[in-house]
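The values are calculated or read from the model by the stated rules, or taken from the named source; none is laboratory data. None of these values were measured; they are calculated from a predicted model. Because the Cβ atoms are built from the backbone with ideal geometry, glycine has one as well, and the counts that use them run over all protein chains shown.
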Amino acid sequence: METYRRNTARHRVLSLRLKAQYLFIFCGGLLALFVLFVILYMVGIDQWICIGFGAASSSLLVWQTFALNARYGEHGLMKLGAARSHPRYLINRRRITRLLKRQRKEETT
């Protein structure tokens with residue numbers, strides 16, 4: 001009986017190489033473009049204009065999503081958003097002597 005080598009290529013899972021939030025951006029963008037395409041078609045805009053707009057905007061979405069993934073990585077957008085929410089510097093308007101004094105706890109009786 002002959003032995004055959006197992007074909008492992010057909011058992012691979014399709015991978016888009018997108019991670020984390022980029023999948024949500026990608027899927028949400030494609031859904032929004034589909035809804036916009038349907039609205040444009042229902043309004044009465046020419047079919048070929050709608051198809052051209054859909055193809056151009058979806059290719060732009062795919063290109064930008066993969067560019068963001070390559071630039072910022074898996075957690076990059078979250079780090080970028082966190083860095084934007086922090087203040088650039090802190091302002092403390094208390095006098096230095098007041099900052100150096102020890103604060104006393106008030107006793108309640």
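Some observations on this one:
- Unique match (being surrounded by 12 or more Cβ atoms within 10 Å (Cβ to Cβ), closer than 25 Å to Gly81 by Cα and touching a Gly at 6+ places or on another chain (Cβ under 6 Å)) among Leu23, Leu30, Leu61: Leu61
- Search result, residues across segment 13-61 that are modelled with pLDDT under 90 and either touching a Phe, Trp or Tyr at 6+ places or on another chain (Cβ under 9 Å) or aromatic (Phe, Trp, Tyr) (or both): Leu16, Arg17, Leu18, Tyr22, Phe24, Phe26
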